[in-house]
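Visitor: My questions all concern the structure below.
Just so it is clear, none of the values below were taken in a lab; they were calculated from the coordinates. Just so it is clear, the model here is predicted, and its values are computed rather than measured. Here the Cβ positions follow ideal geometry from the backbone for every residue, glycine too, while neighbour counts run over all protein chains shown.
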Amino acid sequence: MSDIKLLADEHIPKDVINRLKIWNIDIKSLNETGMRGSPDKEIVDHAKKEWRVVLTADQKDFPKLAKGIDHPGMIVITKRMSVKEILRETMKVLDTLGSEDIKNTVQFIPW
């Protein structure tokens, strides 16, 4: 089981979050943290505080925010995918990398 904790931004479907929780992945949505609608920088700051990897489909802004800072990591969805595909690709990352491996990296999925 992966030791990576996730923070799902607004672009991640609820079905993905719910399935990952069923699979015992430690994931929080922005709704759960009260941060829905927050600026991306604040989301990254919150992820750093809780040491959670950001799971996002925002491939424009989040990778830029990761440059030059210490952060727990990011998983960025790079194309439109079904819930099943997002789950499969996210689990590939989680099954392969630990929290130390993903630290300060941006992993693009499909992987």
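Visitor: Could you order peptides 25-35, 51-61 by the average number of other Cβ atoms within 10 Å of their residues, highest first? Mind dumping the intermediate values first?
Guide: Numbers: 25-35: 16.5, 51-61: 20.2.
With the highest mean Cβ count within 10 Å placed first, the list reads 51-61, 25-35.
Visitor: If you don't mind, another one. With charges set only on the Cβ (+1 for Lys and Arg, -1 for Asp and Glu), what does the dipole of the chain come to about its Cα centre, in debye to the nearest 20?
Guide: Values: 19 positive and 18 negative charges, 51 e Å.
Dipole of the chain, to the nearest 20 debye: 240 debye.
Visitor: Right, another one. Beta carbons within 10 angstrom, averaged per residue: use that to sort the peptides 3-9, 42-48, highest first.
Guide: On the way: 3-9: 21.6, 42-48: 19.0.
Ranked from most to least packed, the peptides come out as 3-9, 42-48.
Visitor: List the lysines whose Cα sits under 20 Å from the Cα of Lys92, skipping any in the same chain fewer than 8 residues away.
Guide: Lys5, Lys14, Lys21, Lys28, Lys79, Lys84, Lys103
Visitor: With charges set only on the Cβ (+1 for Lys and Arg, -1 for Asp and Glu), what does the dipole of region 1-52 come to about its Cα centre, in debye to the nearest 20? Present the calculation step by step, with values, prior to reporting the outcome.
Guide: On the way: 10 positive and 10 negative charges, 22 e Å.
In debye, rounded to 20, region 1-52 gives about 100.
Visitor: Would you mind checking which residues have amide H under 5 Å from Ile77's amide H? H placed 1.01 Å from N; only 5 or more apart, or other chain.
Guide: Thr56, Ala57, Asp58, Ile109
Visitor: Also, quick follow-up: Return the equivalent ellipsoid semi-axes of the chain as a descending list in whole Å, where each equals the square root of 5 times an eigenvalue of the C-alpha gyration tensor.
Guide: 18, 16, 14
Visitor: If R0 is 25 Å, what FRET efficiency do you get for Asp95 and Gln59 from their C-beta distance, rounded to 0.05? Working shown, then result.
Guide: Numbers: r = 22 Å, r/R0 = 0.89.
The calculated FRET efficiency here is 0.65.
Visitor: Right, here's the next one. Under a plain spin-label model, where a point goes 7 Å from the Cα along Cα-to-Cβ, how far apart in nm are Trp23 and Glu50?
Guide: Reported label-point gap for Trp23 and Glu50 is 1.9 nm.
Visitor: Using only DSSP helix segments of four residues or longer, with each worth -39500 (n - 2.57), what per-residue ellipticity at 222 nm results for the chain after dividing by its residue count and rounding to 500? Mind showing how you got there, number by number?
Guide: Working: 6 runs with 47 residues, N = 111.
Per the formula, -11000 deg cm²/dmol.
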